[in-house]
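J.: The structure follows.
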Amino acid sequence: MVKSIVIAASFFQATVAIDYLGGWIEPAHQQCVDICKNSKATPGCFGPADDACHKKLQRPGDYDYLMLDQIYQPQFCRDLLNGVDSTITHQNVNKYPNVKSELMIHGLWPDYINGYPGCCNVTDTIINQPFDASKFSTKYPDLFKEMTDEWVDPSIGNSTEQLCQGYNHEFQKHGICYGAFNSDFDLAAKQYFKAVLDVNTRLKSKAQQIAKWATASATPTTTIADIAALYPKNINILCSTVSGEKPNRLVSVRTCFDKSPPLKDNCNADDTL
């Protein structure tokens, strides 16, 4: 049976999501909220108690593969309208503009074979903390410009808000697990963000084809098989059933990479195709 999914465009409406702790510390607006302050010290594991995942210390660079999550912008915004946040990172947001019918970067996540790390500490004494968002754009202007061009969350008002609400969230939760330079969190953030953009560039032609399909007609529809055929290896395609439409709507494409590319053969089996 051919499984069809809708890749529809967006509309201008008000959105609601969860009241997630994040963004800038107010009123100074000089430092990001530490989202990992109360995080657990153990990884999330799917396997039995004797699985290697349970013995992980959640340290930088100690992971098995990387997963890039790309979210289809229009459906992401529609789901927010229904109070469903697939990223689990958004506060209540204002009306969003008409967004491009294309995939956007969510994040690049270090993963274990049977689980995942999060909010890694560098060592027992160098604890996870935000990068210096107040200086990042002037310290690394070229990188910041590329990030604001290629890594945009339509529900976040501007690039200044994106620094803490979006980029720091991904860095603290996933980026330090990717790699660290002792207590130099700005350098670790630079390394991680460059890696995210590099992986995104490798998949640019695939995302462009999905965008073409999305604008091909008033009611664009494609199949899971057509999307999967764009990629040289197996991927995960996640669909939204929030509004009860049939066929379901595309919400996310997940692609996996070994520590050193090429693409990993398959994403984690616990993700849904």
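J.: Restricting the search to segment 166-187, which residues are surrounded by fewer than 24 Cβ atoms within 10 Å (Cβ to Cβ) and of a type in the set (S, T, N, Q)?
T.: Within segment 166-187, ASN182, SER183 qualify.
J.: Just checking, which of TYR116, TYR167, TYR96 is closer than 27 Å to CYS77 by Cβ, hydroxyl-bearing (Ser, Thr, Tyr) and modelled with pLDDT under 90?
T.: Step by step, each of TYR116, TYR167, TYR96 is checked, and only TYR96 is closer than 27 Å to CYS77 by Cβ, hydroxyl-bearing (Ser, Thr, Tyr) and modelled with pLDDT under 90.
J.: Does PHE144 qualify as being aromatic (Phe, Trp, Tyr), within 17 Å of ALA195 (Cα to Cα) and under 19 Å from the mean Cα position of the chain (by Cα)?
T.: Here the answer is yes, as PHE144 does meet what is asked.
J.: Does LEU203 satisfy the condition of being among the hydrophobic types (A, V, I, L, M, F, W, C), surrounded by 15 or more Cβ atoms within 10 Å (Cβ to Cβ), touching a Ser or Thr at 6+ places or on another chain (Cβ under 8 Å) and within 21 Å of PRO261 (Cβ to Cβ)?
T.: yes
J.: Here's another thing I want to ask about it. Can you go through ALA49, ALA14 and tell me which one is exposed (fewer than 14 other Cβ atoms within 10 Å of the Cβ) and modelled with pLDDT of 90 or more?
T.: Residue meeting the stated conditions: ALA49.
J.: Can you name the helices (runs of 4 or more DSSP H) wholly within segment 126-186 that have at least 2 residues being among the hydroxyl-bearing types (Ser, Thr, Tyr) and out of contact with any Lys or Arg (no Cβ under 9 Å at 6 or more places or on another chain)?
T.: Those helices (runs of 4 or more DSSP H) span 133-139, 159-162.
J.: Taking the options ASP62, ASP34, ASP69, ASP19, name whichever one is at pLDDT below 90 and either part of a loop (DSSP other than H, G, I, E, B) or under 19 Å from the mean Cα position of the chain (by Cα) (or both).
T.: Testing whether each residue is at pLDDT below 90 and either part of a loop (DSSP other than H, G, I, E, B) or under 19 Å from the mean Cα position of the chain (by Cα) (or both) leaves just ASP19.
J.: So which of ILE237, ILE227 is in contact with a Ser or Thr (Cβ under 9 Å, 6 or more places away or on another chain), of a type in the set (A, V, I, L, M) and closer than 16 Å to TYR72 by Cβ?
T.: ILE237
J.: Modelled with pLDDT of 95 or more, farther than 14 Å from TYR192 by Cα, surrounded by fewer than 19 Cβ atoms within 10 Å (Cβ to Cβ) and more than 17 Å from the chain's Cα centre (by Cα), is that true of LYS135?
T.: So LYS135 fits the description; yes.
The values are calculated or read from the model by the stated rules, or taken from the named source; none is laboratory data. This one's a predicted model, so the numbers in the text were calculated from it and none came from an experiment. Positions of Cβ are generated from backbone atoms using ideal geometry, with glycine treated the same way; all protein chains shown enter the neighbour counts.
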